[in-house]
Each structure stands twice: as C-alpha cells, then as structure tokens.
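Below you'll find the structure, written out as structure tokens, and then a few comments.
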Amino acid sequence: MGRIKAKPEVCMGCHLCEVWCAVAHSKSKHIIKAFLYEEDKPLPRLLVEEKLPLTFALQCRHCAEPDCVTACISGALWKDPESGRVIHDPNQCVGCYSCVLTCPYGNIFINHRKREIIKCDLCAGLDTLYCVSHCPNEALVYEDC
Amino acid sequence: MCNMGDFDYLIIGNSAGTVGCIEGLRSVDKNGTVALVAEEDCHVYSRALIPYYLGGQITRDKMYYRPLDFYDRARVCVFQGHQAVKIDSAVRVVELDNGSRLGYGMLLIATGGKPVFPPIPGLDKQNVFSFHSMPDLLGIEKELAGARSAVVLGGGVIGLMAAEALHKRGIKVHVLELAERLLAPVVDATTSHLVEDALQKAGVAMYLNNTIDQVHGTERVESVTLKNGQNIPCDLLIVGVGVAPRVELAEGTSIEVNRGIVVDKRMQTSVSGIFACGDCASTYNFVTGTEQNLPLWPNAYLGGRIAGFNMAGMERSFIQGTTMNAMHFFDVNIVNAGVNVTGANQGDGLEVKQNYDSDGQTYRKFVLSENGHIKGFILVGQIARAGIFLNLMRRKIDVRAFQQELFKNDFGYADLPEILRWKLLQDDVILGVV
C-alpha cells in the first residue's frame with residue numbers, strides 16, 4: 001500500500017487540499033453544491049499544519065499497527081488486510097473519541113455535530129486522490145512503498 | 001463444528017483481549033488450531049458500549065465488537081456458555097465446568113474483571129445490578145420502563161456513564177461517591193469540579209463523602225438511607241464502584257499473581273506457554289515503569305494482540321500501555337493519560353503546568369518530569385489531536401523548549417522545533433525541493 005506524503009517546502013498553504021477533501025466526501029462531489037446546499041456541511045479529513053511560513057498537509061498514515069484500531073471500543077475502526085487502509089464505519093461509531101486520544105499524528109478529526117469521527121479513507125470509491133490531484137504545486141504526492 | 005481435543009492456541013475469555021490475540025496470532029499463523037472458552041452465551045460484544053445501548057443511542061446489533069462471522073473467518077472454535085475451572089500446566093490441559101478437557105500448546109488467560117460489591121447488606125436484591133455484562137444490560141433494560149428514581153453507587157467512570165445513560169431515559173438519578181469528589185483517582189480536582197458542574201446542570205443529584213448505610217425493601221430495593229441519614233427512593237440500584245481482576249484460575253497454580261496475573265512485556269505469565277492480558281492481568285505501565293492492573297479497553301486489546309504475536313512465535317513487547325481514558329459526561333469531553341496529580345506540585349521531581357480558561361470551558365494540564373518528559377496530561381473541552389501528546393509521552397520527548405505551545409488549542413506538529421518535527425515525521429514528508 002502506498003502513502004500520501006507532503007513536501008513542506010513547496011506547500012503554499014492554500015488549503016485547497018482541505019477544500020477538495022471536503023468536496024470528495026460530500027454527497028454531490030460538486031464544490032458549489034456541497035458547500036452551499038448540502039445539509040451536512042462538508043468537512044475535510046486532513047489538516048494543513050501551519051506556522052508561517054511553514055505549512056504542510058497531514059492525513060491518516062494508515063499505520064501498520066494502528067493505535068486507533070487498538071483503542072476503538074465499538075469495532076468501528078479496522079485495518080483492511082488487503083488494501084492496507086484503516087477504515088472507519090460511521091454506522092458503528094459511537095463517538096467515544098478513544099481514537100482521538102491515541103492517534104499519534106492527531107489525524108482523526110471530530111464531527112461535533114454528529115458526535116462521530118472522520119478520517120482519511122484514501123478517497124475510497126473515487127477515481128482520484130482529491131488532495132493530491134488538486135494540489136496546485138504538487139506539494140502532496142502519492143508514493144508506493 | 002468444534003470438537004473437544006487439543007488446540008495449538010487456547011483462549012479463556014471472550015472480549016477485547018481475546019479478539020486482539022486472535023487478530024495478532026492469525027496475522028502470523030494462518031493454520032494453527034485456535035479455540036476459545038466463553039462464559040457468556042453470546043457473540044463477542046463490547047462492554048464499553050453498555051452505556052450507549054442503555055442510553056438509547058445504539059441498537060443491540062451495534063453492541064457486537066466484531067462481525068457475526070468473525071470467529072468463523074478466523075477459524076476459531078468457540079466453546080460458548082462454558083466456564084474454565086482448572087488449568088493443569090504440567091500436561092497443558094484446561095478443564096471446563098462440564099468436565100471436558102481441552103489441551104493447548106499456548107494458553108491465554110483473558111478472563112477480565114468482576115464487579116466489586118461493597119459489603120452492604122441488601123445488594124443481592126432483584127433490582128440491583130452491576131454495569132458490566134450482558135445479563136446486567138438485560139436486567140437493567142427490563143427495569144427501565146418502571147423506574148423513576150435510580151441510585152448509582154460509585155462516582156467513577158462506570159458510575160457516571162451509568163448515571164448519564166439512565167438520566168437520558170428520563171429517570172431521576174442519584175450518584176453516591178465515597179470520596180470528596182467525582183472521578184477522584186482518575187482525574188485531578190479541577191476536572192472533577194467541571195464534571196460535577198455538568199452533572200448538576202443536567203439535574204443529576206450528587207452525594208459526595210457519602211454512601212449507602214441501609215437498603216430497604218424485601219425482594220426489591222425500594223429506598224436507601226445514606227450515611228448522612230438522608231432517604232432516597234430507589235427503583236433501580238447500580239453498583240459501579242470498580243472491577244477486580246478475575247484470577248481464580250491462577251490460584252493454586254504456579255502462575256504468579258499480584259492483584260492481577262503478573263506478565264512480562266511479552267505478556268507471558270510466570271509459567272511458560274501461559275499468557276494473560278486485559279483486566280485480569282498486571283501489565284507493564286510505560287509511564288511508571290512498573291507492573292500494574294490497567295483495566296482499560298485499549299490496553300486489553302493491545303495486550304491480547306501482543307500475546308497473540310508472541311504465542312505464534314513473533315517477538316513483540318507491550319510497551320505502550322498506561323492509564324488512558326477518553327470520556328464524555330453530558331457533552332463535556334475529557335481525555336487523560338499517564339500519572340494523575342492534584343495540586344500544583346508533587347514530589348518525585350514532577351512539575352505541573354496547567355491552564356484553565358473559564359470562558360471557553362477548556363482546561364489543560366501537563367505533568368512533566370525533571371527532564372521535561374510528559375508523564376501525564378488532562379484535556380477538558382478541547383481534545384482535538386490529543387494523540388500527539390500521547391505520542392510525545394511514549395517517545396519520551398523533552399518538551400521544555402516548546403512547553404507554552406502545548407496549551408494552544410490547535411497544537412500540532414508545526415509547533416514543534418524543526419529538528420524534532422521532521423524526526424517524528426521522517427516517513428511522512430519529503431524534505432528538500434525535489
């Protein structure tokens with residue numbers, strides 16, 4: 001399985017990765033419809049770390065031994081042995097936030113409105129990794145490893 | 001179906017540690033025979049979800065910790081509704097309550113804990129429950145419809161989760177706590193008071209420095225008299241004062257017990273080939289460097305997983321366990337990990353850094369060692385990215401150079417000094433313009 005990696009020196013801090021991540025996980029996948037009309041406001045599943053001039057995006061590392069899966073009390077998080085992805089099932093999630101406490105990268109995000117967590121799913125079911133393909137300066141790349 | 005006989009791996013118990021063990025060992029050994037002995041007659045469920053179910057947030061099928069076909073897919077023989085009564089380590093055999101005998105190559109004891117009942121007469125009545133098992137859940141559920149007033153004995157994590165669940169079902173809840181504040185051993189006084197405020201606002205009655213003096217009623221509890229003489233009507237009594245390790249199987253064997261079953265970092269007991277994990281065990285706490293009972297879900301799963309690797313011949317160490325809690329009481333989010341210190345200073349060279357923002361209802365506290373390692377922390381209100389603190393704690397990072405930054409609500413890797421930041425993220429970023 002590969003990983004998305006950031007190149008801090010070429011990141012401009014435009015936050016477009018966050019915007020497009022939110023669009024990728026919206027109902028319509030349409031940037032205007034998603035932000036203007038969807039009932040659930042689209043939320044990004046990655047974060048631009050920022051201490052200007054330093055900026056770089058960070059998302060779930062899909063760890064080999066994921067602490068979030070270890071901590072999950074409801075079986076909502078698991079590592080898929082085939083794809084290597086750490087997968088979250090919102091239907092099974094109770095919002096205990098044990099994963100928020102244990103993710104060493106701080107890459108499990110909280111959807112306060114629904115009391116559940118959201119995380120990067122490597123754009124499962126989509127034809128492209130939205131944060132990577134929409135980065136204007138190629139500061140996010142997908143690397144096989 | 002499963003027949004009695006010999007198994008390469010045998011597990012006693014059916015909760016987090018058991019699932020961790022199976023997932024660990026099956027990632028190494030796909031062919032070895034595996035069996036487990038489960039006392040409760042149902043598929044593996046999460047005890048930690050009991051409050052969510054009783055609070056009406058989830059349905060019964062969501063209680064299952066793994067899909068219904070989990071054991072079939074992992075090719076595990078499940079002896080359900082049976083209790084293991086004896087371990088004969090000389091011949092590597094476990095005896096069940098029906099007299100049958102199971103041979104093992106490697107054995108995991110994951111028997112968990114049993115709820116503690118304080119020595120108060122009358123706690124054996126029909127409408128008294130602990131908050132621990134499926135029978136508890138079913139018993140409490142039956143009582144919910146007719147209950148108007150409930151007493152929860154114990155103001156710790158379990159008691160407060162029970163209190164909130166019952167409150168959500170429209171029941172007047174009375175929480176009794178023997179100590180002078182709620183959650184006393186778990187968090188510091190400031191955090192306790194924030195939780196007490198939240199309960200008070202919600203309308204939960206609290207009685208601190210108090211407990212039950214007398215239980216009234218014949219078959220069922222009808223009311224209780226408290227130590228201070230006060231009388232409370234009681235349709236349902238929950239006992240949530242704590243859980244003790246279940247170590248009966250180790251008694252009378254050469255397996256060492258010190259409150260819990262003592263294990264080394266590989267999760268092996270003092271008897272070769274026998275492992276233990278979870279609430280029944282005394283395991284390594286990386287913050288204190290000592291062995292202690294750490295009865296928390298993540299520790300149980302991880303301990304089981306590490307045991308599973310080692311049972312299957314792959315060396316792994318349990319070096320990530322400590323006390324850690326993610327809690328929420330009436331929408332107050334709290335996370336904590338490591339040592340818990342109340343007051344500004346504590347011996348042992350520990351230093352406390354804290355900040356309470358009464359406007360934002362946020363509170364942060366860090367306990368630092370002499371050399372600047374985080375030994376414990378509490379976050380209330382704003383808990384986003386808390387895992388970064390746990391990571392700094394696990395990696396024994398000296399945080400003194402950036403300790404003020406720890407109090408930023410959006411603290412992240414960007415706030416770390418450059419060299420440290422890129423060291424921690426070396427596999428996650430590409431440095432240099434390429």
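The values are calculated or read from the model by the stated rules, or taken from the named source; none is laboratory data. This structure is a prediction, so every number in the text was calculated from the model and none was measured. Positions of Cβ are generated from backbone atoms using ideal geometry, with glycine treated the same way; all protein chains shown enter the neighbour counts.
Overview of values
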quantity: Matching option when the condition is outside any strand (DSSP E or B), more than 8 Å from every other protein chain (Cβ to nearest Cβ) and in contact (Cβ under 8 Å) with a residue 24 or more places away in the chain, among A:Pro104, A:Pro90; calculated: A:Pro90
quantity: Hits in the stretch B:184-210 (condition: under 24 Å from the mean Cα position of the chain (by Cα) and among the polar types (S, T, N, Q)); calculated: B:Thr190, B:Thr191, B:Ser192
quantity: Among the candidates A:His25, A:His15, residue that is surrounded by fewer than 23 Cβ atoms within 10 Å (Cβ to Cβ), within 14 Å of the chain's Cα centre (by Cα) and touching a residue at least 40 places away in the same chain (Cβ under 8 Å); calculated: A:His25
quantity: Failed item, numbered, when B:Thr33 is tested on (1) under 17 Å from B:Arg101 (Cβ atoms); (2) under 20 Å from the mean Cα position of the chain (by Cα); calculated: (2)
quantity: Residue match in the stretch B:124-147 (condition: modelled with pLDDT of 95 or more and closer than 15 Å to B:Val204 by Cβ); calculated: yes
quantity: Any hit, the stretch B:73-81, residues being on the phi < 0 side of the Ramachandran plot, without any contact (Cβ under 8 Å) to a residue 12 or more places away in the chain and not β-branched (Val, Ile, Thr); calculated: yes
quantity: Check on B:Glu180, under 16 Å from B:Pro51 (Cβ atoms) and either surrounded by 23 or more Cβ atoms within 10 Å (Cβ to Cβ) or of a type in the set (D, E, K, R) (or both); calculated: no
quantity: Contacts under 6 angstrom Cβ, first residue in the stretch B:291-305 being closer than 18 Å to B:Val243 by Cα and assigned by TED's automatic domain parsing to the domain that holds B:Leu49, partner of a type in the set (S, T, N, Q) and in a helix (DSSP H, G or I), 6 or more apart; calculated: B:Pro298/A:Thr70; B:Tyr301/A:Thr70
quantity: Residues located in the stretch A:60-106, provided they are of a type in the set (Lys, Arg) and over 24 Å from B:Ala74 (Cβ atoms); calculated: A:Arg61
quantity: Any chance A:Gly84 is at pLDDT below 95 and among the small types (Gly, Ala, Ser); calculated: yes
quantity: Qualifying residue in the stretch A:61-75 (condition: closer than 16 Å to B:Ala326 by Cα and part of a strand (DSSP E or B)); calculated: no
quantity: Members of the stretch A:28-47 found to be assigned to a loop (DSSP other than H, G, I, E, B) and surrounded by fewer than 16 Cβ atoms within 10 Å (Cβ to Cβ), listed by number; calculated: A:Ser28, A:Lys29, A:His30, A:Glu38, A:Glu39, A:Asp40, A:Lys41
quantity: Which numbered condition B:Leu406 misses (of (1) more than 12 Å from chain A (Cβ to nearest Cβ); (2) closer than 19 Å to A:Leu54 by Cα; (3) not in a helix (DSSP H, G or I)); calculated: (3)
quantity: Hits in the stretch B:136-151 (condition: exposed (fewer than 13 other Cβ atoms within 10 Å of the Cβ) and under 22 Å from the mean Cα position of the chain (by Cα)); calculated: B:Leu138
quantity: Filter result (more than 14 Å from chain A (Cβ to nearest Cβ) and either of a type in the set (A, V, I, L, M, F, W, C) or crowded, with 22+ Cβ neighbours inside 10 Å (or both)) within the stretch B:26-56; calculated: B:Val34, B:Ala35, B:Leu36, B:Val37, B:Ala38, B:Cys42
quantity: Scope the stretch A:63-75; condition small (Gly, Ala, Ser) and within 9 Å of chain B (Cβ to nearest Cβ); matching residues; calculated: A:Ala71, A:Ser74, A:Gly75
quantity: A:Pro90 surrounded by fewer than 22 Cβ atoms within 10 Å (Cβ to Cβ), closer than 22 Å to B:Ser46 by Cβ and at pLDDT below 95; calculated: no
quantity: Scope the stretch A:45-62; condition within 16 Å of A:Lys5 (Cβ to Cβ), free of Cβ contacts under 8 Å to residues at least 40 places away in the same chain and more than 8 Å from chain B (Cβ to nearest Cβ); matching residues; calculated: A:Val48
quantity: Matching helices (runs of 4 or more DSSP H) fully within the stretch B:12-73 where at least 3 residues are outside the structural domain of B:Ile306 (by TED's automatic domain parsing), at pLDDT below 95 and in contact with a helix residue (DSSP H, G or I) (Cβ under 7 Å, 6 or more places away or on another chain); calculated: none
quantity: Flag for B:Leu137 being closer than 29 Å to B:Gly278 by Cα and out of contact with any Pro (no Cβ under 9 Å at 6 or more places or on another chain); calculated: yes
quantity: Residue, surrounded by the fewest Cβ atoms within 10 Å (Cβ to Cβ), within the stretch B:409-430, restricted to residues that are hydrophobic (A, V, I, L, M, F, W, C) and facing chain A (nearest Cβ under 7 Å); calculated: B:Ile430
quantity: Among residues of the stretch B:215-256, those that are in a loop (DSSP other than H, G, I, E, B) and of a type in the set (Ser, Thr, Tyr), counted; calculated: 3
